[in-house]
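First comes the structure, then the notes that go with it.
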Amino acid sequence: MSEMLGTEIAHAAGFIANETPRIVTARFDYEDSFTLERYEITGGYQALRKALQQAPEDVHKEVTNATLLGRGGAGFPAGVKWGFCPPGVWPRYLVVNGDESEPGTYKDRLLMELDPHQLIEGCLIACYAVGLSQCFLYVRGEMAVAQERIARALNDAYEAGYIGRNILGSHFSVDIVLHWGAGAYVVGEETALIESLEGNRGMPRLKPPYFPASIGLYGQPTIVNNVETLSNLPWIIDNGADAFTNIGTETSPGTRMVAVSGHVKRPGVYEIVNGTTTFRDLLYGQDMCGGIRDDNQLKAFVPGGGSAPWFTPDQLDLPFEASQVGPQGSMLGSGAIMVMDETTDIPAAALTLTKFYAHESCGKCVPCREGGTWLEQILRRVVDGRGSRRDLDLLIEVGETICPGDFPHAAVPSKGIEAKPFPYKMTTICFVGPSAFAPIHSALTLFREEFEAKVAGNDDRVLIEVPVNV
Amino acid sequence: MSFFSDENTRLAEEIIKRYPKARSAMIPLLHLAQEQEGWVTEAAMAEIAELVGTSSAEVLGTCSFYEMFKREPVGKYLINICTTMSCALMGAADLMQHAEKALGVKSGGTTEDGMFTLEGAECQAACTEAPCLQVNYRHRYRVTADEFDAMLAELSTPDPGVPEHGVLSQIRQHIPEKNTVGALPPEEVNAPPVWLNTEEDQS
Amino acid sequence: MSDSVPNEVSVNINGAEVRAKAGEMLIAAADRAGVHIPRFCYHERMSSVGMCRMCLVDVDTGRGPMLQPSCMVPVAEGMSVDTQSEDTKRAQEGILEFLLVNHPLDCPVCDKGGECPLQDQTMAYGPGESRFVEEKRHYEKPIPISDLVHLDRERCILCDRCTRFADEIAGDPLIHFTERGNSTQVLTFPDEPFSSYFSGNTVQICPVGALTAAPYRFKARPWDLDQVESTCTTCSMGCRTAVQSSRNELVRYLGVDIESVNHGWLCDKGRFNFEATNSEERLTVPLIRDPNDERQLLGSDWGSALANAAEAILDAGSDGIGIIGGSRLTNEDAYAWSKLARSIIRTDNLDAQLGDGLPAELVHSLPPATIADACEADTVLVVGPDLKEELAILHLRLRGAATKGHTKVVEINAAPSGCEPYVERAIRCGSGEAAKYLGEILNSDDDLATRLREGSVVAVVGRSSMAESDHSSIAVAALIRDELPHATFLTALRRGNVRGALDMGLAPGVLPGRTAIDNPSSALDDIWGYTPSMKGLDTTGMLQAAAEGKIRTLVLLGADPLSDFPDRNLAAEAIQRAETVISLDNFLTASSAQADIILPTTAYGEQGGTTTNLEGRISRLTQKITPPGSVRDDWMIATELAWRLGGDLNLTSKEQIWREIEQVAPSHAGVTVERIMSEEAREGILVQESSVEYIFPSVQEPPIADGYGLRLISGRKLWDASTTTSMSPSLRPLAEAPVLKVHPTDLQRLGILSGSDVRVISTRSTENLKAVADESLERGTALLPFNQPGFGANRFIDATAAVNDIRIETL
């Protein structure tokens, strides 16, 4: 390819290699990891060749046996999801969710920038196994470099005969179309992603149907898979499901990419063993984050992306295993940990997340559209020192219209607070609205005294904001 | 008068052909329009409506939903400073304050010479490299005040290596005619793909 | 369940077992069970979007109660629902508080106040007080989004009803959500207003006062309104309406949802033309021509005016009379005039249609279809007027059925129509040659031919162009009858109660009850005493006879032939030559202004009775206001004239007239007054019987246009110069000036620039008009709307010709 590559890209910014088995990040150490040449000489497209030797349903079975959990957030087994396509309804599509935007998360961006062919090979394997006749690779709009790397990889792969008509001389034919987003967090929700791909406002669709596998793109059966999920497929086909399930735990096999950011010594994206690695390993392990910056005390951390309820040092020994984190009041989500040390202004930290979700509300359903902004307004007032004690209760009351009933939270043994397990109830269509409430609820439950300090001295009259020049 | 240049009209047609339904090309075409003009004009939206077979109001509806589409001119370089949690924990507010001073505009503003538009942005997926920012959607990591100033100086040179606002990917996907499968409208496809063992279908 | 019925499930709602249709949404099942679940975005005629979350209720499908939006949850066997649980109540209170957070609460100055779902549901389900102290969203308010509709974005709760309607129902996606999240708002594209023919429906379904209608804004408060249910007679669709008045003035029409016809929708013409009834221009006293000054009309009294009229009728004698019009009338009025004409004046020269329809015998003899039949047919074959322009709600129904895949619409037309966006196939034919094209398809190996021959077919047949004679429509009907004997028909005729008028015998050769003139019922013979034995003249025949001096007295029953008859020259000659023209009308129209005796009549909203739609569906009209001045019902004028002519119609009230109709009209036997007054009549009472036979004439193909001529095509537009539109101040500006549309190649050939004025020459007239290029037309054709302000295409048309050609030249 003679085409200009565009701007020079800092290599693998953020990725830190460790001793873990490397499944999806194996090529990240090479400067030219994103080229077809490197991919091919490191065993690339061999899994595709191997898959094409097998019957599609056998490839599907292999993936099912690997118990490859979706890496986008919900953690649903990919092989099972593929099986939800109603029989006899054609065509079926594959939509790759590369619209990674959950606060704290950026494994997919690295996978797209540093090993696009691995993702492409994963897409091809999925299409072959499930009979998906076209693939749309939806990349977040703000990831210009990922788009360039994928565009180049697709062009090269087309030239080399890995994509398109009669792939590698077989009957297997599929087009992969690179599609750019344009800046909307909610599009990461799979039904909103489909709406967006249809040229619409990216607003989540109503459930039921619960899975696009039955009614998705253009009303057709559609598999929506996350970038990391698909990037695992070449390894699984190469090495077999058994090799995959030998890593990690029975319920969460394989590895996961986790981004740890905030107040740690070595913030970075790590590939860790699923299910057994604990938060303490991640935050304090010498081959990982190496402890809290300046050897400060850990105050709190968000264990699974911005929408997850928060943990405190009390939960450090929990493993990266959904079945253990859920009962303790949070979720693993998209593999992102944000760490707050003792210096953190907790209400302000919560505001950075609530503001995010209020800003990213699509506006479709009332509780999220109105409630999210309202929560942000109240919290901002509190953070700015203009709030009252009444506002602290109001935050919870407004949140309860979005999420009625008990909201999950971690235990605080020192205060005698017991954990409330995941999940929560919600009056919204998707998780954006509840996510605006989650940081507030966590922060208020775990650190109420910090909020009280902010409103101390203010009487219970509500301060009315008087706008200028209305 | 058509809005798109001849070359972009050809590209638009190529893009539309990739999708089973033309409307799916709406966002890519809005990007193309923004690439051509630096922002999305009304004329662009009206023409895209015709190209994908819908009303201008529908195109406006989609266009205005997505933050990257600017319906007013912005600077040659759009500087987005991330303000979400990890960056906020690592000093995004200070960086923003510095940027406002250095550029002489508030967040949301454009410098008088039309070179820079400054915006606060939500998470840019570089959380471990906080505080981060993007210039025309290209990352800068762990940006200090000095580095910010140096960046401005660099961007003010004739060829700073960052394309002008509107140009997103400098490499376009090109699906070669000779081995494309082609996108049929879904209603015209009723059979399983040829490589599938049809017995699977009956299960 | 032991007593399970197929496609039915049993659901427990608030402790009571409810039978529901499998697959229907819970909220719909609850509605039918009489359990009201509050809602804003849900609308039973549109797809569910689940946006407002107001209809959340506790649903238990065996895994414990969960709050679910009842507009999105299909009923399932054994489902247990609690619409009043604590959780539900808390959710309702919370959602309402959220909705009011940014709502301006300007109820005292809001049109919707008093009938506002947001207001009402806040009272019923709301929290009582708000804890929101921040600044609300602000927008410029209100902004006009079209000539008829204003939008106040501050009041808007973003329920997606209007935008969904525009896209899903009307097919005019000109309003849309813009921006995102808390800044989401409904807007049009700059300089592209929401100029949909159906825009008024969005005002009606808006659950707050965000959308208001220009003709109603600040006119009345809901508690000052008085309402009756009635039927719209703007076109022959017969949409169900609610007619509302305040202080004896009509102020608003609303669509009423009936399954058989309009599903609650109205076109903007039908919705807003109440302004015409209120018009200052209404005739309120009889007028007679000044014997001393031909140009003057003098106010008169009923006694003198009726005496003059009776004298002119007597003078002219049975053969010298022609009665034109009657489709504005109610069925009862039409019957009275039919009886007057035949039994007392003893003429059969009467015709409710104005040379722009189909022979009455043909209408009566075609196997009938309903609108619902059309919406479920394998194929709907439209060979007639542009339905979007002339039968707008039929267009909406067919569009709905076609877009949902319930039917496929195929249209054969000489010019593009408003139905093209949803037709499966639009077949462009030469003007007057639809039958030839259809014949070719039927005899080809086209898949469509197979489907037409083997599947169910409803044909919508009418006169697509005023510039071609009825021969082409008759040929189409003949072909379908011969080749597709299983097909049924909807006849697309012009003007409100045209079908009712034909049913009442206001057409030459047919008597009330769809019987031929030589086959009167014995009851009719008994009661009428006399019926002419010979078939009389139709409108064209009467106008020709008048122009030749053979008809001396013309009666115009609400007809305006100068505007509506295809051949203005002939109409003008006839009115000129006739010794006496008697007009019964609401207004001074082009024709009534030429009359010698003008009798003012009641208008829509001022009269009760019945009307019949294009299917033959009889529904009730209800009087809402008292008429102005001394105007009278048409039937009363008929009885007065009868008396002055030495006879007696023995008609005393609308109800008594209907009893007589039911007795003498065989097709209407059994449609008793009691049935008409019953709940059943809300959907209309369908009458499909007929004993009329039609002998198809042999029809010749139209001549080929010469190389210089352009074949003229002329259909009517929704917004035209018709009386109710031009007498409604809000609607009058919507009618565009006439332009002649021609294929650009033809313009080029003649050296004419698009947009310039040209000289248009036909055998009838030479006129100057603006010509514009339109690529969607076939070459060699010219399209001119029939009756736009300032100009009618009927100046160019020769009604006796099969087709009409024009020539155009540069000035």
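A short reminder: the numbers here are calculations on the coordinates, not readings from a lab. Just so it is clear, the model here is predicted, and its values are computed rather than measured. Note: ideal-geometry Cβ built from the backbone for every residue, glycine included; neighbour counts use all protein chains shown.
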Using 7 Å Cα-to-Cβ label points, what is the C:Ala737/C:Glu281 separation (nm, one decimal)?
1.9 nm
Given a Förster distance of 25 angstrom, what is the FRET efficiency for A:Arg165 paired with A:Asn239, based on the Cβ-Cβ distance and rounded to 0.05?
0.30
Residue-ordered couplings for the stretch C:94-99, obtained by feeding phi - 60° into the Karplus form 6.51 cos²θ - 1.76 cosθ + 1.60 and rounding to whole Hz (Gly and Pro as x), are x, 5, 5, 4, 4, 5
Kindly work out what percent of the DSSP beta bridges joining two residues of the protein assembly as shown are antiparallel, to the nearest 5.
55 percent
With angles folded into 0 to 90 degrees, how steeply does helix B:26-37 sit against the dominant principal axis of chain B? Use alpha carbons for both and round to 10.
50 degrees
Could you list which residues have their amide H under 5 Å from that of C:Lys770, counting only those 5 or more apart in sequence or on another chain, with H placed in the peptide plane?
C:Leu740, C:Val758
Rounded to the nearest 20 debye, dipole of the protein assembly as shown from Cβ charges on Lys, Arg, Asp, Glu:
980 debye
How do the peptides C:276-285, C:688-697, A:272-281 rank, highest first, by the average count of neighbouring beta carbon atoms within 10 Å per residue?
A:272-281, C:276-285, C:688-697
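Give me the extension gain from C:Glu701 to C:Glu483: residue separation times 0.36 nm, minus the current Cα-Cα distance, reported in nm with one decimal.
Contour length minus Cα-Cα distance gives 76.6 nm.
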Using the basic label-point model (7 angstrom from Cα toward the beta carbon), what is the C:Glu93 to C:Arg217 distance in nanometres?
3.8 nm
Among the lysines, which fall within straight-line cross-link reach of C:Lys550, defined as a Cα-Cα distance under 24 Å, with same-chain neighbours fewer than 8 residues apart omitted?
C:Lys339, C:Lys535
Per principal axis, largest first, the Cα atoms of chain A extend in Å by 77, 48, 43
Summed side-chain charge close to C:Asn804 - residues other than C:Asn804 whose Cβ falls under 15 Å, Lys, Arg +1, Asp, Glu -1:
-3
List residues of the stretch A:255-285, by number, whose backbone nitrogen lies under 19 Å from a label position 7 Å along Cα→C-beta of A:Ser323.
A:255-256, A:273-279
FRET efficiency estimate (nearest 0.05) - Cβ-Cβ, B:Glu14 to C:Leu753, R0 41 angstrom
0.70
Report the equivalent ellipsoid semi-axes for the stretch A:315-470 in whole Å, largest first, defined as the square roots of five times the eigenvalues of the gyration tensor built from alpha carbon atoms.
26, 20, 14
State the extension gain, in nm to one decimal, for the chain segment bounded by A:Lys415 and A:Gln286, taking 0.36 nm per residue of separation less the distance between their alpha-carbons.
43.3 nm
Could you list the square roots of 5 times each eigenvalue of the Cα gyration tensor of the stretch A:198-246, that is, the equivalent ellipsoid semi-axes, sorted largest first and rounded to whole Å?
31, 12, 10
Mind putting a number on the dipole of the stretch C:8-84 about its Cα centre? Charges go on the C-beta only, +1 for Lys and Arg and -1 for Asp and Glu, and I need it in Debye to the nearest 20.
240 debye
Sorted by chain and then number, the residues having a modelled amide H within less than 5 Å of the amide H of A:Phe76, at least 5 places away or on another chain, are A:Gly70
On a 28 Å Cα-Cα criterion, which of the cross-link pairs B:Lys17/C:Lys770; C:Lys112/C:Lys269; A:Lys355/A:Lys420 come out too long?
B:Lys17/C:Lys770
Once you put a point 7 Å from the Cα of A:Asp345 and another 7 Å from the Cα of C:His406, both along the Cβ direction, what distance in nm separates them?
6.0 nm
What FRET efficiency, computed as 1/(1 + (r/R0)^6) with R0 = 60 Å and r the Cβ-Cβ distance, is obtained for A:Asp406 and B:Tyr141, rounded to the nearest 0.05?
0.90
Averaged over residues of A:125-137, the number of beta carbons from other chains lying within 10 Å of each residue's Cβ is 4
Would you calculate, for chain C, the mean residue ellipticity at 222 nm contributed by helices, counting each DSSP H stretch of 4 or more residues as -39,500 (n - 2.57) and dividing by all residues, to the nearest 500?
-7000 deg cm²/dmol
Within the set B:Asn136, B:Asn80, B:Asn190, GNM on chain B using Cα springs under 10 Å gives the largest fluctuation to B:Asn190
What is the log10 of I(q)/I(0) for the stretch B:77-155, computed with the Debye formula using one identical point scatterer on each Cα and no solvent, at q = 0.15, 0.16, 0.28 Å⁻¹?
-0.42, -0.47, -1.53
Would you compute, for the Cα atoms of the stretch C:361-492, the largest minus smallest coordinate along each principal axis and list the three values in descending order, in whole Å?
34, 31, 28
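How shielded is A:338-347 by partner chains, expressed as the average number of their Cβ atoms within 10 Å of its Cβ atoms?
2
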For chain C, the Cα gyration tensor yields equivalent-ellipsoid semi-axes (√(5λ), largest first, whole Å) of 46, 31, 28
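Are there any chymotrypsin sites (Phe, Trp or Tyr not before Pro) in the stretch C:218-291 that are in a DSSP loop and have at most 16 other Cβ atoms within 10 Å? List them by number.
Here the sparse-neighbourhood loop sites are C:Phe218.
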Proximal lysines relative to A:Lys61, as straight alpha-carbon distance under 21 Å, when same-chain residues fewer than 8 apart are discounted
A:Lys50, A:Lys81
Excluding residues fewer than 8 places away in the same chain, name every one of the lysines whose C-alpha is closer than 30 Å to that of C:Lys21.
A:Lys207, A:Lys364, A:Lys425, C:Lys89, C:Lys404, C:Lys408
Neighbour counts of other C-beta atoms within 10 Å: give me B:Val52, A:Val264, C:Val203 arranged from fewest to most.
B:Val52, A:Val264, C:Val203
Farthest toward positive dipole pole in the protein assembly as shown [+1 Lys/Arg, -1 Asp/Glu at C-beta], among C:Ile205, C:Ser195, A:Gly275:
C:Ile205
Surface/4 estimate of mean projected area, convex hull on alpha-carbon atoms of the protein assembly as shown, nm²:
59.0 nm²
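Enter the per residue convex hull volume of chain B, computed from alpha-carbon coordinates, in Å³ rounded to the nearest integer.
Enclosed volume per residue, from the Cα hull, is 186 Å³.
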Name the residue from C:Val256, C:Ser691, C:Cys107 whose Cα lies farthest towards the positive end of the charge dipole of the protein assembly as shown, charges +1 on Cβ of Lys and Arg and -1 on Cβ of Asp and Glu.
C:Cys107
Alpha carbons only, please: Rg and Dmax for the stretch C:8-84, in angstrom.
11.1, 31
Shielding of C:187-197 by partner chains, average beta-carbon count, 10 Å
3
With +1 on each Lys and Arg Cβ and -1 on each Asp and Glu Cβ, how big is the dipole of the stretch C:710-810 about its Cα centre, in debye rounded to the nearest 20?
140 debye
Among C:Ala374, A:Tyr162, C:Trp528, the residue whose Cα sits farthest towards the positive end of the charge dipole of the protein assembly as shown, when +1 is placed on the Cβ of each Lys and Arg and -1 on the Cβ of each Asp and Glu, is C:Trp528
